[in-house]
Amino acid sequence: MRIRVVDAFTEKPFQGAPAGVLLLDEFPPDAWMQQVAAEVNHAETAFLHPLPAGGEAGWALRWFTPAVEVDLCGHATLASAHVLATLTPTPELDPARPVRFATRSGVLTASVAADGLITLSFPTAPLTPVDADPELGAALGPGVPIVAVHHTGPNTDDLLVEVADEKAVRAVSPDLRTLAALSRRGVIVTAAAEDPGTGYDFVSRFFGPAVGVDEDPVTGSAHTALAPYWAGKLGRDELVGYQASARGGFVRVRRRGERTELSGHAVTVIDGTLHA
C-alpha cells in the first residue's frame, strides 16, 4: 500500500515534524499499525480511512507513536490533511468544505487556504495549576528555574512547565527516564519569546519519553494548552509559537473558547510503497 512521510508545520523539507500517513479502506489490527509506526519511527504515524457519507465525519483517524497509540496529535493530523488536499484528480479539501476527522478526542476539522496553509480546530486543553514535583526541576537539568506548572487535561495529559526565559527552554537537557515517570504523555517546557522581533510570541519544547518520543520536533497538540496559557498572559488570542527542537517549526494559534485553531504548512518528502 502507499505510504507517505510529510513534514508538518514547515514549508521546507527536513524541517518541522515528520509524520507517516497511510490511507486505508478500513483499520487493520492494532498490532499491525503499531508495528508500522515502529518501523516508520517518527513521533507519529497517522492511519485513516473514509467513513460512510452522511455521518458527522468523513474520515476515521488514529495516531501511533513508535510505542503506543495516543489520543490526540496535531502534526500528524495536519500531515493527513495535507495528503488529502494534494490527492489527484480533485483535492479533498477546500476552505468552504473542511474535512472532518472522527478521533479519540472527538471530531477534528481541517481546512486549506489557497496558499496551502492548513488550519485545524482542536479542543482547547483545560489548564490546572499543580505543585512542581521536586524531581521535575532536577529532571529538566541544572539551573532551569521553574515559574509555574499546569496539567493540560484529558486529551493530552501533559505537564506544561513555564521556565524563566527562552534561554532556559533552549538549555534544557532532561533526564528522560525521570520525565517518563513524572508524566503520562509528555512535558512541555515553555517561556515567552526573548525578542518579539523574531516573529514568534513564545517558545517551547516537548519531551514524551513515556510514549516513546524522547523529543518531538513540533507538537501541535501541545499548543492546545500553550495557546490559552500564553493568550492569558499576553492578552491576545492570536499568537505564533516556535518549537525550538533541532528541526524547529512554527505553529500559528488562535484561542476560540473551547476550541483552539492551529495553523501551519506541510510538505511531502517521501511517497512510496509499504510491502508488509
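Bear in mind that the values in this text are calculations on the coordinates, not laboratory data. Since we're looking at a predicted model, the values are computed, not measured. Heads up, the Cβs are rebuilt from the backbone with ideal geometry, glycines too, and the neighbour counts pull from every protein chain shown.
Summary table below
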{"read-out": "Rg to Rh quotient for the stretch 128-256, alpha carbon positions, Kirkwood Rh", "value": "0.92"}
{"read-out": "Antiparallel %, DSSP beta bridges [both residues in the stretch 128-256], to 5", "value": "75 percent"}
{"read-out": "Sequence of Thr109, Thr268 once ranked by neighbouring C-beta atoms within 10 Å, starting from the fewest", "value": "Thr268, Thr109"}
{"read-out": "Under the Karplus curve 6.51 cos²θ - 1.76 cosθ + 1.60, θ = phi - 60°, whole-Hz ³J(HN,Hα) for the stretch 186-192, x wherever Gly or Pro sits", "value": "x, 10, 9, 10, 8, 7, 5"}
{"read-out": "³J(HN,Hα), Karplus 6.51/-1.76/1.60, whole Hz, each residue of the stretch 169-180, x for Gly, Pro", "value": "4, 5, 8, 4, 9, x, 7, 5, 5, 5, 4, 4"}
{"read-out": "Val99 long-range amide H proximity, modeled H, under 5 Å", "value": "Asp94, Ala110"}
{"read-out": "Between the stretch 33-65 and the stretch 105-139, the Cα center-to-center distance that results, in Å", "value": "19 Å"}
{"read-out": "Candidates Pro66, Pro154, Pro29: whichever shows maximal mean-square fluctuation once the chain is modelled as a Gaussian network with Cα springs under 10 Å", "value": "Pro29"}
{"read-out": "Peptides ranked, highest mean first, by Cβ atoms within 10 Å: ranges 174-180, 50-56, 4-10", "value": "4-10, 174-180, 50-56"}
{"read-out": "Extended-chain gain in nm, criterion 0.36 nm per residue less alpha-carbon gap, Ala181 and Lys12", "value": "57.3 nm"}
{"read-out": "Gaussian network model of the chain, springs between alpha carbon atoms under 10 Å - residue of Pro134, Pro145, Pro98 with greatest fluctuation", "value": "Pro134"}
{"read-out": "In Hz, Karplus ³J(HN,Hα) per residue of the stretch 110-122 (6.51, -1.76, 1.60; θ = phi - 60°; x = Gly, Pro)", "value": "9, 10, 10, 7, 4, 8, x, 5, 9, 10, 9, 10, 10"}
{"read-out": "Neighbour-count ranking [beta-carbon atoms within 10 angstrom, fewest first] of Trp230, Trp63", "value": "Trp230, Trp63"}
{"read-out": "Sum of -39500 (n - 2.57) over DSSP H runs of 4+, divided by residues of the chain (222 nm, nearest 500)", "value": "-5500 deg cm²/dmol"}
{"read-out": "Nonlocal amide H pairs with Arg256, under 5 Å, H built at 1.01 Å", "value": "Glu261"}
